[in-house]
Amino acid sequence: MAETFIHNRQLPVGSQGHLASGWWGMLMLIATEAMLFAYLLFSYFYLASHALSPWPPNGPPSLRIAVPGTLILIAGSVVMWWGERGIERGKTRRLIVGLSLALVLGVLFLVLQGSEWKGEPFTLRTNVYGSLYFTITGFHMFHVIVGLLVLAVLLVWAARGDFDANRHSAASIGVIYWHFVTIVWLAVFFTFYIAPRLG
Amino acid sequence: MATIETHRTPVIARAADGSATSQKLQRTWDGKPGLGGWLSTVDHKEIGKRYIVTAFIFLLIGGLEALAMRVQLARPNQTLLTPEQYNQLFTMHGVTMIFLYALPVLSGFSNYLWPLLLGSRDMAFPRLNALSYWVFLFAGIFLYCSFPLGKAPNDGWFNYVPYASLAYNPGPNIDVYALGMVLLGISTTVGSINFVVTLARTRAPGMSLNRVPILVWGTVTASVGNLFAVPAVSLAFFLLWMDRQAGAHFFDSTAGGQPLLWQHLFWMFGHPWVYAIVLPAMGIVSDGLPVLCRRPLVGYTAVALSTVTTMVLGFGVWVHHMFATGLPILSLSYFSAASMTIVIPSAVAVFAWIATIWTGRPVFTTAFLFFTGFVLLFVIGGVSGFMTAAVPVDWQLTRTYFVVAHLHYVIIGINVFPVVGGIYFWFPKATGRLMNEAFGKWTFWVMFIGFNVAFFPMHILGLLGMPRRTYTYADNLGWGTPNLIVTIGAFVFGLGIMLFLVNAFVSLRHGRPAGPNPWDASSLEWSTSSPPPVYNFAVIPMVASRYPLWENRLDDGPDRSSVGTGLVLDKERETIGTSVLDAEPDVILKMPGDSYLPLLVAVAMTAVFTCMLLHSWWGAGIAAVATFLGSVGWLWPRRALAQIET
Amino acid sequence: MNPRVVLASSGLMMLPSALQGEPSMAYQRTFGPAVDPITRLGWGLGIISLSVIVIIGALLLGGIFRKRSTIPAAELPQPTARDDAGGMAWIYIGTGTTVLILIGCVVWTLLVTAAVAEPAGAREMTVEVTASQWWWSLRYDNQNPGQIFNTANEIHIPVGRPVRFELSSADVIHSFWVPQLAGKMDVIPGQTNVAWMQADKAGVYRGQCAAFCGPQHAHMALLVVAETPEAFAAWREGQVTESVMPATDEAHHGQLIFETHCAPCHTIRGVTPAGIRGPDLTHLMTRRTLAAGLLPNTPENLTGWIASPQFFKPGAHMPDHILSGPELIAVAAYLHTLN
Ligand code: HEA
Ligand code: HEA
Ligand code: CUA
Ligand SMILES: [Cu+2]
């Protein structure tokens, strides 16, 4: 009989850790979002390879703001990872600290990025490079903002004491998104800031 | 308050309809009555039916548009439609059929059938399912909002720039298309995520991946394909909107942009998409046809693999829509060969169906006629695709009615025929009544003959050099007679569709009662009553083979599935979560109840796009905040879902 | 298959012979090395395709009627797995055969692709084609700047010589297609695509824009007139010359009106050199058709067109009612002198 493989086993009830369906859902969301950025970067390289004038038109963009920004995002991810490890052991405090720090770092990144935007001599309308630059970094900023909203909501829930060692899938899932935002930035950073310096 | 249980050992017991267990389940799963219940339901069966009905309404609208075009084209130099009207009609016809009919109707089938096929109580994300339907509905309405004003999208369904750019198309036409497609993309994406996670998580114990029906393979392949492909088109339309409304230059060749970038992005999506709108339909046939041939499908594994292979290869052939754009010969040759390669998995499937018929004992039901008719139409449509895959031949055939013939043979042949056959097949399951068989066979012949009369001559028109998307033509080119035949055939086919709908409507009330398993079929959905109860299965079945209801007769393997006896999960809304490959029970999942939030979030999202269309940035901001708040409410950790302890 | 369809398709075979009469778009028979190998390949693939359809159709019918169940649907036969093993052979044999055919087709396709590549000789004669909504501007290149000239919608080429076309667009995407001489090549803003063709037989070949380009995409045809080298040389001489002063007073009056009302868009070499928004009209009367193949170039049609282009070609970028009645007659008289 088929029951043989049921083993009369105890089963966890409800979303616990990686058993939550939402965990899978988030991975799928990230897969499709990653494709979105892949297509964006494809557009960048496609247009760059067809450019008749020098690319980028004003030379490679300065690293002065972008490098600290990158480090900040990475730091945010590390902090968040630490916070999430905390709640897995039931340490809500640690999660709260992690979320708060990541929030601050994320906002800092936005501020830096905003100042870089301000300083650019070109706009979205100047030429296709300008269109690409503002659209792609803008897309990423939008994802940072969404990520920050996620962190903020998680912070509220964590502060209410909703999470414990057993039930914290929302936090674990939200954190994956934050890591994704960081990783995508690395791809964007490489495309705009590093690739033009390579060849 | 007591903390909620963290672990439980599910009871295995027998429970029939009407038992105490099933009465309890009925109470927990039943939705609210009345309009409130209608708007808030998350039942996959309800949503599936809505998808199908809505898609059919769009089929009728798109069909009427087609008939209007056919009247205009019946004779040379007609003036029934102005050129601009004609352009909007063929564009909306393509958009409606491809985006609002072809995929949604299959989403409907899969939504309805999946949990029943998989032995589960609902999709992995019931509320997301509702959201996906509402957004689809609203996106459809959105795409039509400018139609009554005579400002509908007018650049064809693939919407090439620069004709779609502001300089040549200043009205709202293209903005409606661009924003509507981004909105619709959200629906497709969340729907696809739901299918993938459902397959990964909520199969009945024992239903390992090599035991799921082919329809499930088809849908999950299409869904993964969508997750990878849809971002390309959403992005393309977003960039176009940026060009039009923010002054960007992505496609503007005077400022470094490239018109061909549009074509690449569109077809990187477009080609995988055409397989997404047929693979689930081919799954319908792969599951339905064998039942009517009284034997299992020949080559289950080969067909499942061919499904996946088609999609994988489908990502590498998009340039065959761009053979005449002046790309280097080397890359054309590559894409030509790749497009020919994609014939191979299709051949596998075709020969598997033929073998199933040949080695089986076919029963002549209406569904059988539709399924076998489909095989022939697929081959006719497929070989014309094979001809256009040869680069130099395509230089002649592309953008002529030959391509129009190809696309209707494949889409109607592989989508509409299996869908109609599938409805004949599963109608008794969904409604408890059989559709009229004798009338059904008549319907089939009207549709089949009408279809071929309408679309076969289009090949000839293409070979006579008639370009597509022309609102009229001169009388001295020999195009008059074939066009007249096409128009007559189109009306006959339209009549066939009407007859089918009449049959469905009448049978709904007056059809012969069906009983749980009228076709003596093999898969799990036929083990529950017709129509199935809200909770699908009183106990979650346990599966030991690919054909749980045929095991004794096929006598394959020592194990036997258990369908009347299974896991009793009757505390609140629950179903079983299983492991990805082998479907070992993993977790008892708590399922959400009915909720207005999907509808509210869908309304808010649509409001964002509507405000963007109207350039009301404040409105868009407010609607975005509403979307966000709705989502937070949706995700708020709930005790009932065991997301928090206290 | 439906008998009318069969009739229509047999009519198809006879159509190319209609070439002597009306120019046709059918390409079952073609007339030049840029396309003949394609036509053979097309026939080949077509015959393979038809055979596949017939074979699969026969197999389906055979399968259905061989063991068609005589039991009424109410008493379904028991499912069986007895002949499960036999089925797989279908897949192996069917797919195997398909693969072999496909390999052959790919090789043939690649050979044809190479065979119709542009020959070196095509560079000797180049025509620059600029596509606009909804007409074709043509510029015949030459080493000698004095021999360069513009015309529109009607391409003349010498028989037996390859001709190269450099395609550019003034606005949206179009596609350059003369089916009996060459396959399509898109005309895309921001890039110059190249096509070539050679007519082995004198005659008038019809072409048409094949990429959707707006409301009048249906009426964007062109003619290719392939003629003996002598006739071509004579045509060319005629085109190079500037237009001559009209002889009659009425025509002269027409010319003055033309200069004020039409010259912003139309060039007549020697008279009004500026307008490029509409076709070059210097030798309008040598052309067979008006408005990109839409109307035969008869006096009535010419007058009618000038009076109301929108009537014939709604949306065309030439406005209605530019002229009053008498002006119209004078301009028409003037245009009649342009040959
Ligand atoms: C809906 C689904 C669908 C499907 C399944 C297909 C299937 C295929 N399509 Fe089609 N296609 C479209 C939808 C689809 N297409 C649409 C909508 C367009 C037009 C878009 C537009 O321009 O508006 C298009 C256009 C299109 C083009 C571009 C034409 C042009 O614009 O110039 C090409 C070119 O290669 C092509 C090729 C193919 C091929 C090779 C297949 C193959 O997958 C077919 C394989 C199947 C078979 C061949 C039959 C079974 C096989 C056998 C029985 C074995 C024996 C066969 C041989 C030996 C040949 N398709
Ligand atoms: C699922 C896809 C699908 C379907 C089902 C159809 C169905 C039909 N199509 Fe369509 N078609 C496309 C997808 C589809 N098409 C696409 C993608 C294009 C390309 C667009 C582009 O170039 O951008 C196209 C283009 C296209 C053209 C080319 C236009 C051009 O290039 O100029 C034509 C011309 O004849 C045509 C005709 C038809 C006809 C006659 C039907 C018939 O099957 C329709 C049958 C009729 C009905 C289904 C209606 C029945 C209803 C009634 C009889 C009335 C009752 C009404 C009520 C009670 C409300 N289609
Ligand atoms: Cu120009 Cu179509
Ligand atoms: Cu394709």
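The values are calculated or read from the model by the stated rules, or taken from the named source; none is laboratory data. Predicted, not measured: the structure shown is a model, and the values here were computed from it. Every residue, glycine among them, receives a Cβ derived from its backbone with ideal geometry; neighbour counts consider all protein chains shown. Only protein heavy atoms, including side chains, enter the accessible area calculation; ligands, DNA and RNA are left aside. Shrake-Rupley method; radii C 1.70, N 1.55, O 1.52, S 1.80 Å.
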Check: Could you give the angle, 0 to 90 degrees to the nearest 10, between helix C:325-336's Cα long axis and the longest principal axis of the Cα atoms of chain C?
Finding: 80 degrees
Item checked: Debye log10 I(q)/I(0) for segment C:125-237, one point scatterer per Cα, at q = 0.18, 0.22, 0.23 Å⁻¹ -> -0.86, -1.25, -1.34
Check: Based on the Cβ-Cβ distance from C:T248 to A:A31, what FRET efficiency comes out when R0 is 51 Å, to the nearest 0.05?
Finding: 0.10
Notebook entry, point to check: If the convex hull of the alpha-carbon atoms of segment B:326-408 is projected onto planes in all directions, what is the mean projected area in square nanometres?
Noted result: 6.3 nm²
Checklist line | Protection-proxy order for peptides B:140-153, C:48-61, each taking the mean of Cβ atoms within 10 Å per residue, highest first | finding: B:140-153, C:48-61
Next item on the list: Could you work out how far the C-alpha centroid of segment C:286-339 sits from that of segment B:1-58, in angstrom?
Entry: 72 Å
Next item on the list: Measure nothing fancy, just the Cα-based angle from helix A:169-189's long axis to the longest principal axis of chain A, in degrees from 0 to 90, nearest 10.
Entry: 20 degrees
Item checked: From the C-alpha gyration tensor of segment A:1-95, square roots of 5λ in Å -> 45, 24, 7
Next item on the list: For C:R236, put the label point 7 Å out on the Cα→Cβ axis and report which residues of segment C:121-141 keep their amide N under 12 Å from it.
Entry: C:124-127, C:140-141
Next item on the list: Could you please state, rounded to a whole Å, how far the C-alpha centre of segment C:176-209 is from the C-alpha centre of segment B:317-383?
Entry: 31 Å
Next item on the list: Please give the calculated 222 nm ellipticity per residue for chain C, where each DSSP H segment of at least 4 residues contributes -39500 (n - 2.57) and the sum is spread over every residue; nearest 500 deg cm²/dmol?
Entry: -12000 deg cm²/dmol
Next item on the list: Could you pull the Rg and Dmax for segment B:273-421, using just the Cα atoms, both in Å?
Entry: 16.1, 52
Note to self: Can you order the peptides B:435-445, B:245-255, C:318-328 by their average number of other Cβ atoms within 10 Å per residue, highest first?
What the structure shows: B:245-255, B:435-445, C:318-328
Margin query: Could you tell me the relative contact order of segment B:308-424? Use alpha-carbon pairs under 8 Å, at least six residues apart, and round to a whole percent.
Written below: 31 percent
Checklist line | Backbone N within segment C:248-272 under 12 Å of label point (7 Å from C:F311 Cα along the Cβ vector) | finding: none
Note to self: For peptide C:36-47, what's the mean number of Cβ atoms from other chains within 10 Å of each residue's Cβ?
What the structure shows: 4
Check: Averaged across the residues of B:333-342, what count of C-beta atoms belonging to other chains lies within 10 Å of each residue's C-beta?
Finding: 3
Check: With Rg and the Kirkwood Rh both taken from Cα atoms, where does Rg over Rh land for chain B?
Finding: 0.97
Check: What nm value, rounded to one decimal, do you get for the distance between B:S579 and A:I74 when each label is placed 7 Å out toward the C-beta?
Finding: 3.7 nm
Margin query: Once neighbouring chains are kept in place and the probe is 1.4 Å, which whole percent of the accessible area of segment C:125-237 is contributed by carbon and sulfur?
Written below: 50 percent
Next item on the list: Compute the distance in nm between two label points, each set 7 Å from the Cα along the Cα-to-Cβ direction, one at C:N339 and one at B:E437.
Entry: 7.7 nm
Next item on the list: Considering Cα pairs under 8 angstrom that are at least six residues apart, work out the relative contact order of segment C:125-237 and quote it in whole percent.
Entry: 28 percent
Next item on the list: Can you give me the P(r) profile for segment B:382-504? Cα pairs, bins 10 angstrom wide beginning at 0, each as a whole percent.
Entry: 13, 37, 28, 16, 7, 1
Notebook entry, point to check: So how far apart, in nm, are the two label points at B:L166 and B:Q26 if each is 7 Å from Cα heading toward Cβ?
Noted result: 6.2 nm
Checklist line | Accessible surface buried upon C-B contact (total; probe 1.4 Å; Å², nearest 100) | finding: 8000 Å²
Notebook entry, point to check: So how do A:W185, C:W235 rank on accessible area, 1.4 Å probe, biggest first, that is with the largest at the start?
Noted result: C:W235, A:W185
Notebook entry, point to check: For A:18-30, what's the mean count of beta carbons from other chains sitting within 10 Å of each residue's beta carbon?
Noted result: 6
Check: Which lysines have a Cα lying under 22 Å from the Cα of C:K313, excluding residues fewer than 8 positions away in the same chain?
Finding: B:K151
Note to self: Quick one: the Cα spread of segment C:160-217 along its three principal axes, in angstroms, biggest first?
What the structure shows: 33, 23, 14
Check: Within the P(r) computed for the protein assembly as shown, what percentage of the Cα pairs occupies the region above 41 Å?
Finding: 50 percent
Item checked: lysines whose Cα lies under 25 Å from that of B:K590, excluding same-chain neighbours fewer than 8 positions away -> B:K24, B:K32, B:K45, B:K49, B:K571
Next item on the list: Once you have the Kirkwood Rh of segment B:483-566 from its Cα pairs, apply Stokes-Einstein at 37 °C and 0.692 mPa s and quote D in µm²/s.
Entry: 203 µm²/s
Item checked: Length-normalised contact order of chain B in % [C-alpha pairs under 8 Å, at least 6 apart] -> 21 percent
Checklist line | Nearby aspartates and glutamates by direct alpha-carbon distance to B:K429 (threshold 17 angstrom, same-chain neighbours under 8 apart not counted) | finding: B:D17, B:D43, B:E46, B:D122, B:D287, B:E437, B:D520, B:E525
Margin query: Please list, by residue number, everything in segment B:71-99 whose backbone N is under 16 Å from a paramagnetic label point 7 Å out along Cα→Cβ of B:F491.
Written below: B:71-76, B:80
Notebook entry, point to check: According to the Kirkwood expression over distinct Cα-Cα pairs, how big is the hydrodynamic radius of chain A, in Å?
Noted result: 18.8 Å
Checklist line | R0 of 22 Å, Cβ-Cβ distance A:A38-A:R197: FRET efficiency to nearest 0.05 | finding: 0.50
Notebook entry, point to check: If you line up the long axis of helix B:83-95 against the longest principal axis of chain B, both from Cα atoms, how many degrees apart are they, to the nearest 10?
Noted result: 30 degrees
